[in-house]
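The structure under discussion appears below in the form of structure tokens.
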Amino acid sequence: QVQLVESGGGLVQAGGSLRLSCAASGSRFSLNDMGWYRQAPGKQRELVAAITSGGSTNYADSVKGRFTISRDNAKSTVYLQMNSLKPEDTAVYYCNKRYGLLISWGQGTQVTVSS
């Protein structure tokens, strides 16, 4: 089946930038809606950004203007460019794939922003 693998997480100072990548091993990537979610300790997993198969994007209010989601269908990869990072962005970030009602999750990558 399809496997999602996140990368690019790490430790960064407030105001810095990180670029997350999510590579899908399956085919028909261009038909999928893709998203990035995050979950901090003791908090519910929340949508950060999403991009549809048609290229439409949606962002959480807390990251709008700072984060950018994009996709490269030729590489079966979705990206999350994170700029002006804040300590409250600290969380495990998960890649999500949706094809109709079929949903898949990556294993997550840790993002830690120090003040």
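Things worth noting here:
- Filtering segment 17-36 to residues that are within 13 Å of the chain's Cα centre (by Cα) and open to solvent by less than 60 Å² (accessible area, probe 1.4 Å) leaves Leu18, Leu20, Ser21, Cys22, Ala23, Ala24, Asp33, Met34, Gly35, Trp36.
- Summed over segment 55-82, the residues that are in contact (Cβ under 8 Å) with a residue 12 or more places away in the chain, more than 11 Å from the chain's Cα centre (by Cα), more than 12 Å from Trp36 (Cβ to Cβ) and open to solvent by less than 50 Å² (accessible area, probe 1.4 Å) give a count of 3.
- Among the residues of segment 97-106, those that are over 14 Å from Ser25 (Cα atoms) and part of a loop (DSSP other than H, G, I, E, B) comprise Gly100, Leu101.
- Pick from segment 40-54, criterion touching a Ser or Thr at 6+ places or on another chain (Cβ under 7 Å) and either modelled with pLDDT under 95 or not in a strand (DSSP E or B) (or both), ranking: surrounded by the fewest Cβ atoms within 10 Å (Cβ to Cβ): Ala40
- Scanning segment 30-39 turns up no residue that is closer than 28 Å to Ser114 by Cα and assigned to a loop (DSSP other than H, G, I, E, B).
- When segment 86-115 is filtered for residues that are surrounded by 18 or more Cβ atoms within 10 Å (Cβ to Cβ) and touching a Leu at 6+ places or on another chain (Cβ under 7 Å), the ones remaining, listed by number, are Tyr93, Cys95, Lys97, Gly106, Thr109, Val111, Val113.
- Qualifying residue in segment 2-17 (condition: touching a residue at least 60 places away in the same chain (Cβ under 8 Å), among the β-branched types (Val, Ile, Thr), outside any helix (DSSP H, G or I) and within 18 Å of Gly106 (Cβ to Cβ)): yes
The values are calculated or read from the model by the stated rules, or taken from the named source; none is laboratory data. Computed from a prediction, not measured in an experiment: that's the story for all the values here. Counting neighbours? That spans all protein chains shown, and the Cβs are built from the backbone with ideal geometry, glycine included. All accessible areas refer to the heavy atoms of the entire protein, side chains included, with ligands and DNA or RNA removed. Shrake-Rupley method; radii C 1.70, N 1.55, O 1.52, S 1.80 Å.
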